[in-house]
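Below you'll find the structure, written out as structure tokens, and then a few comments.
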Amino acid sequence: MTTLKDDKEFRSLDDTRWEDLCYLLFKEEYAGLQRINGSGGDDGIDAYVGDFAHPSIVFQFKFFPSGLGKKQVRQIKHSLETVLKKRPGLKRWILASSADPTPEARLALDSLFAERSDVETEFYGEGEMRYKLIRHPTVRRTFYDDGLETLRGVLSLEGMDPLKRASEGVRIYNEAVVDERFVATVTTDGKTTVTAYSLHPDFVDSPPKFTMRLKSKRGVEAYSGLMRLGTPAELSAEDVELDVSDLPGAGADEGELQWLKIIPQIDPCPSQLRFYASEELGESQTLFVELRTTSGGSERIVRSNADQKNVPVIFEMIMPLAAQEDGASEAGTINITPRLIGNRVSVALKGARFLAQLSQTKRLGISGPDGDVADATFLTLGGIDEDGIWAHQLGYIEAVERVCRFFGIDPVIDDTLNDEEFFLSVMRTAERIRTLGSELEGTTTFNLSEPNPAFIRSAKDKDTISLVADMDWAGSMFGTDVEARVRIVACGVPTIKNIGGDKWTLAVKGSYRCFLGKIDGDLMAEGAPPIPPDLS
């Protein structure tokens, strides 16, 4: 995890994580702060205090990893105008930006705020947001490693000699706290100093050279793949022969080659972009993507965001470098893969919506990190989601999110997502939540355990019956236990059957309503009728 001091303009985050950070920080200062899901258009509101239709304060969280210039001020102006159009009585508007403004942008912001003197405006840039993180360490540790947990891990190492423990401890600390200047040494006898661990500082010396002779077809193919495509290779003594006489180190030429592993040195050249699934302004699903070069050779280069954290879709872009024999350029390939498992439900929902829209439009737009749809270059994609899986996937993930939102949780999705029983349970529960309190037509069947004989006789003698029944429901959403009280109100024609022994079923054909709540008070708040005294 990146440290706060190294994260210029919060670039280790993406727009979703930036919004999470802003919300948690301001939640520390505004207890009534509520967040809005902007996937369908957020009215220029990321969070608010008060009633959503008439909020007392509106918050806008802007992620500008490339800085805040005059172009970004235009985006801010659009957001402010949108919220004031949608909420004309708004009195206070707070803007949080991941970057500090340039001098020109600062003047433009001052001018913009002066034009809207009817609303009180507040602006928090990178510096102010860093100050808030320092004041709220609980939030800071959620996003940045301050070294405390790492040190606890180092100090808890046991079962090894002191030198090895020191070496291992330094290695752990180096890998967690990103600072390539850190080099640790251990003095063993008061005179001799041994380097215990050094975190791969930038390599500046010339690497040693040696001669390699290919001996097998496998070796030739591996070398060809390395040069043309940048593919790593692992070869044995049957595939390759080395002249190691020039390698440093005593006795380097006395042993026998066991295996040779060749890993190409790749400059990742990270680039931050925005991807769009539609050309419709204000309607396009958007993802923040950081591409890195994962392999490269004389014929092609491959860039991917597979190492990006908190991203629900993996893009792999394969771009040919060599021209064909007729001089024409070969078309590139874009592989698109959902990565829902391992992400929080809110992040997975964003990815599912992006893919479902992309499945319809077949148009992928790309712009800079601070751009919008109007700035994007669009590509037409062929052969994607031909069986319509992404649209069905969206329905499932929306059901998962509806259930999680009802219980106020946002868990990390695990392999349970692929379980058929879990799928059926989630879809049933989501439908109950969607239709809470609505009167529906159909037949409701109840299992009667230890039924009252008088109740059975009474139900048989009636043409219609009204029944109010409660049941407790419990389950788990990706390792988070949840429970609820379900109240069913059924009216209609009763049918009672004995299914063996003292077991009976009661089917009510007519209409029914379902109410769901965490406690009885929730049921009453939704308008559920009380249980009759003789049935409670």
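The values are calculated or read from the model by the stated rules, or taken from the named source; none is laboratory data. Bear in mind the structure is a predicted one, so any value in this text is a computation, not a measurement. Please note: Cβ atoms are built from the backbone with ideal geometry, for glycine as well, and neighbour counts cover all protein chains shown.
Table for the structure above
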{"quantity": "Enumerated strands (runs of 3 or more DSSP E) restricted to the stretch 23-135, each holding at least 2 residues that are touching an Asp or Glu at 6+ places or on another chain (Cβ under 7 Å)", "calculated": "55-62, 92-97"}
{"quantity": "Filter result (under 30 Å from GLU104 (Cβ atoms), of a type in the set (Lys, Arg) and free of Cβ contacts under 8 Å to residues at least 24 places away in the same chain) within the stretch 20-78", "calculated": "ARG74"}
{"quantity": "Pair list, Cβ < 6 Å and 6+ apart or interchain, from the stretch 112-138 residues that are free of Cβ contacts under 8 Å to residues at least 60 places away in the same chain and more than 30 Å from LYS85 (Cβ to Cβ) to residues that are among the basic types (Lys, Arg) and surrounded by 15 or more Cβ atoms within 10 Å (Cβ to Cβ)", "calculated": "none"}
{"quantity": "Evaluation of PHE315 against (1) at pLDDT 95 or above; (2) more than 16 Å from LEU379 (Cβ to Cβ); (3) hydrophobic (A, V, I, L, M, F, W, C); (4) out of contact with any Lys or Arg (no Cβ under 8 Å at 6 or more places or on another chain) (one fails), failing number", "calculated": "(2)"}
{"quantity": "Top-ranked residue of the stretch 334-374 - restricted to ones that are assigned to a loop (DSSP other than H, G, I, E, B) and basic (Lys, Arg), ranked as surrounded by the most Cβ atoms within 10 Å (Cβ to Cβ)", "calculated": "ARG339"}
{"quantity": "Unique match (being buried (at least 16 other Cβ atoms within 10 Å of the Cβ), closer than 23 Å to VAL311 by Cβ and either modelled with pLDDT of 90 or more or among the aliphatic types (A, V, I, L, M) (or both)) among ASP100, ASP14, ASP7, ASP46", "calculated": "ASP46"}
{"quantity": "1 or more residues on the phi > 0 side of the Ramachandran plot: qualifying strands (runs of 3 or more DSSP E) within the stretch 439-506", "calculated": "440-448, 480-500"}
{"quantity": "Output for the stretch 508-523, where each listed residue is part of a strand (DSSP E or B) and of a type outside the set (D, E, K, R)", "calculated": "VAL508, GLY510, SER511, TYR512, CYS514, PHE515, LEU516, GLY517"}
{"quantity": "All positions within the stretch 430-488 that are among the aromatic types (Phe, Trp, Tyr) and either at pLDDT 85 or above or loosely packed, with under 12 Cβ neighbours inside 10 Å (or both)", "calculated": "PHE478"}
{"quantity": "Hey, GLU122 under 31 Å from the mean Cα position of the chain (by Cα) and surrounded by fewer than 19 Cβ atoms within 10 Å (Cβ to Cβ) or not", "calculated": "yes"}
{"quantity": "Residue under evaluation LYS77, criteria (1) under 20 Å from GLY371 (Cβ atoms); (2) among the basic types (Lys, Arg); (3) touching a strand residue (DSSP E or B) at 6+ places or on another chain (Cβ under 7 Å); (4) surrounded by fewer than 18 Cβ atoms within 10 Å (Cβ to Cβ), criterion not met", "calculated": "(3)"}
{"quantity": "Test: THR429 is β-branched (Val, Ile, Thr) and assigned to a helix (DSSP H, G or I)", "calculated": "yes"}
